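Below is one structure; the comments refer to it alone.
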Amino acid sequence: MFNHFTQPWLFLLFVPLCIAMWRVFRRVRVSGIVFSDATARFSEGRRSFRMWMTLLAPIAFFLGMSVLILAAAGPALLQEEEPIVENREAIEKNALAIILVADVSGSMDALDFSPKTLDRTRLDVVKKTFIDFIDRSPNDYIGVVTFGGFARVQSPLTSDHQTLKRIVERIEIPGTNEAVDPMVSRDEQMTAIGDGLAMGITRIKDAVPENKVIILLSDGVHNAGALSPEKSAAIAKALGVKVYTIGVGSTGKTLVRARNIFTGRMELQETYGELDEKTLHAVAEKTGAHYTNVRSTTELEATFKKIESLERTKMEEGETIRIAPIARPWSLLGCLIGTGLTLLLIAIVSLVALLRRPI
């Protein structure tokens with residue numbers, strides 16, 4: 001039930017209601033004295049339908065109004081009077097902390113991963129493959145860092161994989177939007193591998209799982225940023241973070257879809273890509289991991305599946321469940337309002353029947 005009212009001052013409405021009840025029932029008694037047949041009408045053996053309606057209409061009306069006033073006063077339940085129960089349930093799971101550090105420089109626009117249809121860029125394939133990887137790693141803590149000329153944290157380590165997948169889907173190559181400042185666009189075409197790796201290390205070094213892994217994916221040569229890949233790899237080694245490196249594509253000519261500066265149309269153009277496999281191999285070897293070169297969607301998927309099979313840390317994750325009595329004012333108010341309106345409807349029907357029935 002309930003133990004207090006949110007608007008107790010509304011009980012003052014009972015004052016005029018009680019006065020009205022007193023006046024109505026007083027008039028009935030007076031009428032019974034004035035007319036000689038009134039007492040016979042209410043005698044034990046002669047209770048007619050009209051007599052019952054005469055009594056029912058005012059009683060139903062005043063009861064209905066009383067219930068509606070009670071509902072308007074706002075009956076509620078004070079939760080503080082009931083104890084809050086806490087149940088901490090330990091969930092054991094095998095988890096891995098993983099951060100994808102992905103190259104989003106201009107060369108990731110190359111179309112060599114979809115040679116037949118030419119409808120998906122390298123970045124499109126990487127995003128799709130990584131989303132599939134997230135689906136196969138339900139217990140892992142996963143984050144994303146991207147880098148072109150600058151490193152950016154797209155998502156810190158999280159177990160909310162649905163949100164993470166939406167973030168990955170929205171990753172784009174900076175500077176491809178025409179509204180972007182041309183100077184910024186040129187900077188974003190650079191490749192700051194060292195800064196991207198350092199940003200990933202910063203985000204994973206304090207992770208709860210003991211096994212910490214960075215997947216460093218690039219298709220270019222380090223040519224920007226404050227830190228070199230070798231310096232960042234040394235930091236990763238000191239912190240016990242393994243860096244698995246993936247080289248996308250190879251050195252040579254590739255096709256990209258670019259805007260023709262004369263016609264304004266998007267056209268296929270040939271560009272030259274350069275992949276620094278030596279640096280990527282050195283970074284992986286320094287941290288106790290390995291380097292893989294991938295030149296197709298199938299090879300990229302196979303590489304992620306190998307990383308997926310790494311040993312995970314057994315850990316317990318506690319989940320606190322708080323159970324408290326929940327006040328449901330709407331169900332109580334709905335019951336009171338429904339009762340009050342029903343009584344008022346009975347009063348109206350009784351009054352109509354009383355007026356329409358001949359004496």
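Observations, loosely collected:
- Residues (closer than 18 Å to THR254 by Cα and over 39 Å from the mean Cα position of the chain (by Cα)) located in region 276-305: ASP276, GLU277
- Every condition in (1) modelled with pLDDT of 55 or more; (2) open to solvent by 10 Å² or more (accessible area, probe 1.4 Å) is met by GLY45 except one, and the failing one is (1).
- Pairs linking a residue in region 204-229 that is at positive phi to a residue that is at pLDDT 90 or above and crowded, with 21+ Cβ neighbours inside 10 Å, with Cβ atoms under 6 Å and 6 or more positions apart or on different chains, are GLY225/ALA192; GLY225/GLY194; GLY225/ASP195.
- Scan region 317-351 for residues that are open to solvent by less than 60 Å² (accessible area, probe 1.4 Å), in contact with a helix residue (DSSP H, G or I) (Cβ under 9 Å, 6 or more places away or on another chain) and either at pLDDT below 65 or under 30 Å from LEU96 (Cβ atoms) (or both) and the total you get is 3.
- Residue count for region 235-292 under the criterion of being without any contact (Cβ under 8 Å) to a residue 12 or more places away in the chain and on the phi > 0 side of the Ramachandran plot: the result is 1.
The values are calculated or read from the model by the stated rules, or taken from the named source; none is laboratory data. Worth saying up front: this structure is predicted, and the values here are computed from it rather than measured. FYI the Cβ positions are ideal-geometry reconstructions off the backbone, even for glycines, and counts take in every protein chain you see. Note: accessible area is taken over every heavy atom of the protein model, side chains too, but ligands, DNA and RNA are not part of it. Shrake-Rupley method; radii C 1.70, N 1.55, O 1.52, S 1.80 Å.
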